[in-house]
Every structure is written in C-alpha cells, then in structure tokens.
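One structure is given here, and the rest of the page talks about it.
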Amino acid sequence: MNWLTDLNTEKMDLASNIESLYQFLKVANLAIALLIMLSLVWFILSYLKKSSKEQVGGKVHTSFLELLWTFFPIAIFVLIFIWGWN
C-alpha cells in the first residue's frame, strides 16, 4: 500500500498554510534586517561627515518616528497572529 494515498487532504492543506507562513516570516525578517543594517550604515556615514560643530547635541524628539516604530511592529505582529490563527 502506498502511504502517500492515505494522507488526508486537510493535513496537507494545513502543512501548506504553515509553509506559507514560514516563508513569509523568513522574507519579512530578511527585509527588516536589511532595512535596519542599511539605515545604520547611512546614519553612521552621515554622522561621520559632519564636523563637531554641526553635530546635534541634547535631546531630539520626533513624535512621528516614535509612533512609527511603535505601530509598525504591532501591525506586523497582528498580521502574523491573524495568519497563524487561521
């Protein structure tokens, strides 16, 4: 008897969904890591080009940036949660 014919299609669909989620997570992690590395290099190079008089001292607060790095990871987490829940 061929064991492949005995596989349940529901289990195969579940495995396919899990594989899709895994592939998404790999691509998302790679994209976020590259984005972080590129921005890190960009900030380092732009900081090194400035003279000591041009460099910003003290606190610099940007509400938009703070909201962005708060809600973007939450949105990614919710997307992964909903995908995994289904």
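Side notes on the structure shown:
- Ascending count of other beta-carbon atoms within 10 Å, so fewest first, for TRP85, TRP42: TRP85, TRP42
- Each residue, TRP69 and ALA15, gets one label point 7 Å from its Cα in the Cβ direction; the gap between the two is 4.2 nm.
- Using 0.36 nm per residue and subtracting the Cα-Cα separation, the extra length available between GLN23 and PHE77 on full extension is 17.9 nm.
We did not get these values from a lab; they are worked out from the coordinates using the rules stated. Just so it is clear, the structure is predicted and the values come from calculations on it, not from any experiment. Heads up, the Cβs are rebuilt from the backbone with ideal geometry, glycines too, and the neighbour counts pull from every protein chain shown.
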